[in-house]
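Encoded as structure tokens, the structure appears first; notes follow it.
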Amino acid sequence: MTAFTFFHAADLHLDTPFRGLTAVADAHPEVVRAVTTATFDAFDRLVADAVRERPAFVVIAGDVFDSAERSVRAQLRFRDGLARMAAAGVPSYVVHGNHDPAEGGPAVAWPAGVHVFGWEDAEAVSVVRDGEPLAVLAGVSHRRRAESRRLHRKLAPPAGPRGVLRVAVLHCNVGSDTGHEPYAPCELADLVGAGFDYWALGHVHERAVLHEDPWVVYPGNFQGRSIREAGPRGYVRVSVAGGRPVSVAFSATDAVRWMRQAVDVAGLPTIDAVDRAVADAVDRAAAAADGRPAIVRVELRGRGPVAADLARPEALADLTERARDAGAALEPFVWVERLVSACRPEVDLDARRRALDLLGQVLRVAQDLRSDPDALAAAWAELHDHPALRRDLAVPRREDAVAVLAEAELLCVELLERDG
Amino acid sequence: MRIRALHIDGFGLFRDVTVTGLPPGLVVLLGDNEAGKSTCLGFVRAVLFGFPDGRTGENRYEPLAGGRHGGSLTVESASGEVFVVHRGPGPRGGSLDVRFADGSPAGADELERLLGGATRELYRTVFAFGLDELQQLGSLQGDAVAGAVYAASAGAGARALVAAEKWLAQATTDRFRKGGQKPAINRLIRQLRDVRAELRNARDELDAYAGLGDELAGIEDRLDELRRRREALGAALARAETDAALWGPWQELCRLRAELGRVDAPERFPDRGVERLEVLRERRAQLDGRLVRLDRDRDRANRRLGELDGDDGVLAQAEAVRWLVERRQGYLEAVRARDEAARRARDADRSLDGELGRLGPGWDEPRVARVEGTVPARAAVHRHREVAAAARARHGRAVEEAERLASELAEVEADRAAVKDRTAALRDALAEAGERVRHLERAAAEVRRRTALDAERAALAAAPDPPAVPAWVPLVVAAAGLAVGGALWPSAGPGTAGGAAGALVLVAVAVWWGGRRAGRDGSFRGRRRAELEDQIRVCDEAALAALAAAREDAAGTDGVERLLAEAASRLDRVKEELVRTGQQGDDLARRARLLLARREEAEAEAARAAQALEAARGGWHRWLAEAGLPGDLEPEDVPAVLDGIDGCRRFLDERQRFLDEASARDGEVAEYRRRMADCLRALGRPVPAGADPPDLVAGLAGELERARARAVERAGLEKRLAELDAERGEVTADLAAADAELDGLLAEAGADTPDALLALHRRWDDRRKLADRVSAAAEQVLALAAGTDLSGVGARLAALGPVDADGLRARVAALRDELDRVDADRSRLEQERGRLLARREQLAGSDGVARLRLEEERVLALLEEEAAAWRRYALARRLLVLARERFEQDQQPAVVRRAAGFLRTFTAGAYDGIVAPLGSRSIEVLAPDGRRKAPAALSRGTAEQLYLAVRFGYIGNHGDRGEPLPVVMDDVLVNFDPTRARNAVRAVLELARSHQVLFFTCHPATVDLFRAQEPAVPVYAVGSGGIRPAGGERPGLNP
């Protein structure tokens, strides 16, 4: 049997915006350009790799674009990319996911050499190269956005000659705690026992190899779009020998890399020193981005004398602006998404909490609130109950709320000790 | 502390009022309006804390009934100490006097201690107050009270609390306010709405993309239909156009075909017969022409050959002639060089003769040849010259040395003579100096004796001296004489000087003598003095004589010692010089001996040098003889002779060299002439004598060149003749062939002659042209018919029925119009399609939505950021509120706690507690249901009860920490309802257990209230300018 390679990608989300960028504006056109074209640039990298390396085929497991965005250019760019691969002799196999369900599907026609699996029943197609059958692919698409069917049950390995790779292509949620919507739900055991050699999955944005032999793989998304999607993003190359996958290797495509950088403020005596440390963090981000632009969240941590200064919102704003200017001037640029402070002052809060004075009372009240999420929610009800914000402003999760509480506590310390 | 007694000197309407025995605890003082209750209150305040400042406007209670303003209080501390505090008006609260009970002064500090740091203001508002103070919250907001009531134990945080709450309120409302416009989140909500509206618009536009597809498909369908319609019309038009086009040519074809059928002419004719005939005729004419030209060329060539005869013998000598020509320049050069060498040989010969002549007679070539090389001779001459010069120099040096030594010796001898003279002079000077010293020594001895005599005479000087010539006169004269002598000595000589000095000395002696005679008539002392005078005179004379001998007459006796020293010194110097001169003479003698010896040595050396010089000259003459040179030559002359010999030799060599050269060149010339003669002889020509060989050679060369040219041309002509013969043969053969071909052509055409052939051709050609026109017409028809053969065309046109050309053209025009209309429709639709495609392209490539989505996300991110900040601030605010509530409930100051107890008592539990909100100078009451009420929300009575409770709380608290101060209240219960008044009385009684309470009232009912609860309560009546304990059930105004 011929050894070969195929590419497995998912969750391209072409032409969808980056989240959490508060200050990207016309002052930095190169940043705007990079973030608005990043998903396209990432897809172009996959296409370029495929045209250059001629894998046996490319599998794209759903969420190519967001139907809600109605981006024609995304559909056209996708179509053109598939056409370029097809012209280079690389066929592609695509399923629809929850973001680009089959109903209300694309306005463009797929080029020859592209197979898009339908939603009603599973289809099976063979990949034949030079007269030799290499693989059999089975796949099924999401019909609509909230796909509740257990689609994996529709997929059964088709009968075929021995030694031919059997691939299942599916956009689904394996398990229950993935942090993603539970569309097309299934359990790992269902997939492992289904008789396929390789489950080419999509939906979960973090790259994960859930099982080997048979392989159950999420390649992760193509391009990080928020700080929650930090780190390299791309697709996987699956090497096949004797009709079975032998290795799965990651290949980065992200055109702009999201990352976090921590700065420990311990031992930093002044805001000036923090400023320098933040500049260093920006430089580190630039070095770690493998030559591509980067968007970085800088997190100030630790205990230090500057914590009280950093509790002032304007101090963080000034530092952020300076770091942004420095990063935007780099080539390629490093955009500081946000500068957040989780530093603690050098005061002993527990000792303060025991004091009988007003500050001690404040800290004791805060301590009580830690275990009273309802009281926290009540403090914020005015904002979250606002009709215009109900949809856009999520009530903080418990751990986030506790973090806010810690910040509020520090703020109280700062305010009550301001002239005391 | 309690007040035991008071004495008012003058205060308001009171004058000289004394109250004693005031008990501890409660004392009720009852008086009518204007009886002086407030005055009493003011008196206690004034004595304890000072008179109010006149500028405040507060009542100072000036004495209305007379008496000194002020008075005293007798107070007792909790520990039993008794003080009398007296105060009168004055600056800074008035004049204070504090004394112990025994009248001894105690000082203001004792009062300060008793008052426990309470200020006048605190006392006025909290301890000694009337209804006016009670009704004002402001009276409880002074620093001292507020510090105790509102901020105690809240710690540092409480002070910043209000600012913190204010800051947080601002921070939260800056970010979000329900129904607000400006706060950041409210603004972001609007921005979000705007950007989403834009997004909806943009997306609606994108939805048009699918609609555009449908529209495009419709246009494509219509275009397809038009395309088909156009194709049909095109086909019809093409057919009609073909028919129209075919009509004319077809008619012409039919006419030509008929005409061809009528023509009479041969159908066949030799292919290109006429052309071939013309070609043959032309060929033949050309061949004839060529034959004529060939014959003419042959004649010309033969004629030229005949002209080319001549003597070509010179060709056999071509090599020899070439050699002569090549060497001709060399021959001329050799002749010139030979002649030049001979001339220079002669020049050298002449020069040699001249050189020999310069050497002098007796010099000829053989003698010159005999002189061996001049180089060794020159070396020998140089050697001899050096030897001679050295010998001469040595002799010169020796002679010069001898002369120098002789001169030096002469100088030394002269010096020796001078030394000798000097020695003699010194010896004379020595003798003279010795003599002088002896004379001066003698004079010195006399002078010393005279000095002794002078001393004795001085002893006798008691008696007045008779007038006499003073002794110093002669001495002066004598000294002058000596001085003149001394002065004249060096210039005028000893004679003159001595004469002058002597004369003066004689004068002196005469004077002295006159003086002596005058003194001879003295007494004994006078005698003795006379004796002394004599002796002195003798001494002086002797001294002067000695001085004269020393030729120091003028010096006088005073300078004798000095002169002696000088003379001795001079004697020593002369002696020393004499010794030195003697040594000098010895040195010179030694030197003279030495010089003499050296002069002799130099003279011997001069003699030896003269001998060496002579030897050198002998050597020179011997060498001249050996060298074959004249013996009278000096070394200086020899180089010139040698130069002459060298010149002769050079000219000899030169002459020989030129003679050799001339001889060699002469050989070359002879060889050239020999070979030229050989050549001429070979050609059988005479060898001319005296002819210039180069000219002969030039003639031979020209001859050779011409002979060669003739040979070449002859060969060329012979070759050309052969070629012409060959060509002539060819032309003759070609002529025969052309004739044969012409005969063949005529036979083929069936003509006898070329003219007949041409006539036949004309008839055949006319027929052929007609047939060609038929073919052309048919081809035109076939071309237009596009694939249909002629019969088909005929059938097609026949099928059109009765029609003419105009009818056909009209049909074509109609079809064309129709086609144009279709094209116009197509163009319009294609434009529309292009527009739609461009629009779709634009939609496809637009990143407007992407940018709006980015903007939406940006606004959302900002919203989240602002919300996070708001949450933080809101939560912090909440923390402060909750902490404050708890603090205010759980950690109230003791004052407030106590006050709350009193309030509960006053209101019988209607109000449960008092809250002093942190960070503010206000108080609130707490209803049992937990609601808080600000004082403004309370009834007047309840508010007064609240304030009274706070005062009681404070008073109690103050008392716990120090001396309890007496409390003075002026009718504070008037607004209390009976129940609460009772409750208040209970509270007052409770307070009176720890404090002295002076309770003023104008209401007997109030007294009853107290008595109802405490029957033994002491009551005092205030009125009629006095204060007295009241008796009976109801206190009366006048006890």
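The values are calculated or read from the model by the stated rules, or taken from the named source; none is laboratory data. Please read all numbers here as calculations on a predicted model, not as lab measurements. Reconstructed Cβ throughout: ideal geometry from the backbone, glycine too, with neighbour counts over all protein chains shown. Areas reflect the complete protein model, heavy atoms only, side chains present, ligands, DNA and RNA absent. Shrake-Rupley method; radii C 1.70, N 1.55, O 1.52, S 1.80 Å.
For the reader, a short list of remarks on this structure follows.
- Screening the stretch B:553-595 for residues that are open to solvent by 70 Å² or more (accessible area, probe 1.4 Å) and in contact (Cβ under 8 Å) with a residue 24 or more places away in the chain and picking the one that is farthest from B:Glu400 (Cα to Cα) gives B:Asp558.
- Restricted to the stretch A:85-114, and to residues there that are of a type in the set (Val, Ile, Thr) and either farther than 20 Å from A:Gln223 by Cα or without any contact (Cβ under 8 Å) to a residue 12 or more places away in the chain (or both), the residue that is surrounded by the most Cβ atoms within 10 Å (Cβ to Cβ) is A:Val90.
- Restricting A:Glu382, A:Glu399 to those that are within 8 Å of chain B (Cβ to nearest Cβ), free of Cβ contacts under 8 Å to residues at least 40 places away in the same chain and open to solvent by 70 Å² or more (accessible area, probe 1.4 Å) reduces the list to A:Glu382.
- Residue in the stretch A:381-401 that is farthest from B:Leu875 (Cα to Cα), counting only those that are out of contact with any Pro (no Cβ under 8 Å at 6 or more places or on another chain) and part of a helix (DSSP H, G or I): A:Glu399
- Residue within the stretch B:37-48 that is in a loop (DSSP other than H, G, I, E, B), surrounded by 23 or more Cβ atoms within 10 Å (Cβ to Cβ) and either within 60 Å of the chain's Cα centre (by Cα) or aromatic (Phe, Trp, Tyr) (or both) present: no
- Lone unmet requirement of (1) part of a helix (DSSP H, G or I); (2) within 14 Å of chain B (Cβ to nearest Cβ); (3) open to solvent by less than 50 Å² (accessible area, probe 1.4 Å) for A:Ala42: (2)
- Selection count where residues are facing chain A (nearest Cβ under 7 Å) and either of a type outside the set (A, V, I, L, M) or free of Cβ contacts under 8 Å to residues at least 12 places away in the same chain (or both), scope the stretch B:874-890: 7
- Residues in the stretch B:166-180 that are among the small types (Gly, Ala, Ser) and farther than 12 Å from B:Ala869 by Cβ were compared, and the one that is surrounded by the fewest Cβ atoms within 10 Å (Cβ to Cβ) is B:Gly179.
- Qualifying residue in the stretch B:177-190 (condition: more than 10 Å from chain A (Cβ to nearest Cβ), in a helix (DSSP H, G or I) and at pLDDT 80 or above): yes
- Filtering B:Asp789, B:Asp755, B:Asp772, B:Asp734 for residues that are of a type outside the set (A, V, I, L, M), closer than 30 Å to B:Ala285 by Cα and out of contact with any helix residue (DSSP H, G or I) (no Cβ under 6 Å at 6 or more places or on another chain) leaves a single hit, B:Asp755.
- Cβ-Cβ contacts under 6 Å between residues 6 or more apart (or on different chains), taken from a first residue in the stretch B:257-286 that is within 22 Å of B:Thr732 (Cβ to Cβ) to a second residue that is open to solvent by 70 Å² or more (accessible area, probe 1.4 Å), are listed as B:Leu280/B:Glu741.
- Subset of the stretch B:1003-1024 (residues that are over 19 Å from B:Arg2 (Cβ atoms) and crowded, with 17+ Cβ neighbours inside 10 Å): B:Thr1006, B:Val1007, B:Leu1009, B:Arg1011, B:Ala1021, B:Gly1023
- Residues of the stretch A:18-33 that are open to solvent by less than 10 Å² (accessible area, probe 1.4 Å) and either more than 10 Å from every other protein chain (Cβ to nearest Cβ) or at positive phi (or both): A:Val31 alone.
The rows are residues; the columns are (1) under 23 Å from A:Asp15 (Cα atoms); (2) in the same structural domain as A:Leu14 (by TED's automatic domain parsing); (3) of a type in the set (Phe, Trp, Tyr).
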position: A:Leu170; (1), (2), (3): yes, yes, no
position: A:Asp213; (1), (2), (3): no, yes, no
position: A:Asn221; (1), (2), (3): yes, yes, no
position: A:Arg225; (1), (2), (3): yes, yes, no
position: A:Gly231; (1), (2), (3): yes, yes, no
position: A:Gly234; (1), (2), (3): yes, yes, no
position: A:Ser239; (1), (2), (3): no, yes, no
position: A:Pro245; (1), (2), (3): no, yes, no
position: A:Val265; (1), (2), (3): no, no, no
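- Of all residue pairs spaced 6 or more apart or on separate chains, those with beta-carbon atoms under 6 Å, a first member in the stretch A:134-153 that is over 14 Å from A:Phe117 (Cβ atoms) and open to solvent by less than 10 Å² (accessible area, probe 1.4 Å) and a second member that is aliphatic (A, V, I, L, M) and not in a loop (DSSP other than H, G, I, E, B) are A:Leu134/A:Val127; A:Ala135/A:Val127; A:Ala135/A:Leu165; A:Ala135/A:Val167.
- The requirement of being within 14 Å of chain B (Cβ to nearest Cβ) and either modelled with pLDDT under 85 or crowded, with 24+ Cβ neighbours inside 10 Å (or both) is not satisfied by A:Leu82.
- When the residues of the stretch B:95-141 are filtered to those that are assigned to a strand (DSSP E or B) and open to solvent by less than 40 Å² (accessible area, probe 1.4 Å), the one that is modelled with the highest pLDDT is B:Val98.
- Qualifying residue in the stretch B:711-732 (condition: open to solvent by less than 60 Å² (accessible area, probe 1.4 Å), closer than 30 Å to B:Ala677 by Cα and of a type in the set (A, V, I, L, M)): yes
- In this structure, A:Asp15 qualifies as crowded, with 18+ Cβ neighbours inside 10 Å and either in contact (Cβ under 8 Å) with a residue 12 or more places away in the chain or more than 9 Å from chain B (Cβ to nearest Cβ) (or both).
- Single residue of B:Ala874, B:Ala883 found to be open to solvent by less than 30 Å² (accessible area, probe 1.4 Å), within 26 Å of A:Asp392 (Cα to Cα) and part of a helix (DSSP H, G or I): B:Ala874
- Test: residue in the stretch B:857-864 that is open to solvent by less than 60 Å² (accessible area, probe 1.4 Å), within 14 Å of chain A (Cβ to nearest Cβ), within 30 Å of A:Cys412 (Cα to Cα) and touching a Gly at 6+ places or on another chain (Cβ under 8 Å): yes
- The stretch B:286-306, residues that are open to solvent by 70 Å² or more (accessible area, probe 1.4 Å) and of a type in the set (Asp, Glu): B:Asp299
- Odd one out for B:Leu843 among (1) farther than 30 Å from A:Arg19 by Cβ; (2) of a type in the set (A, V, I, L, M, F, W, C); (3) within 14 Å of chain A (Cβ to nearest Cβ): (1)
- If you go through the stretch B:839-849 and keep only what is open to solvent by less than 60 Å² (accessible area, probe 1.4 Å) and either of a type in the set (S, T, N, Q) or in a helix (DSSP H, G or I) (or both), you end up with B:Leu843, B:Ala844, B:Gly845, B:Ser846, B:Gly848, B:Val849.
- Among the candidates A:Asp350, A:Asp374, residue that is within 23 Å of A:Leu310 (Cα to Cα) and either among the acidic types (Asp, Glu) or within 8 Å of chain B (Cβ to nearest Cβ) (or both): A:Asp350
- Selection count, the stretch B:307-321, where residues are surrounded by fewer than 17 Cβ atoms within 10 Å (Cβ to Cβ) and in contact (Cβ under 8 Å) with a residue 12 or more places away in the chain: 8
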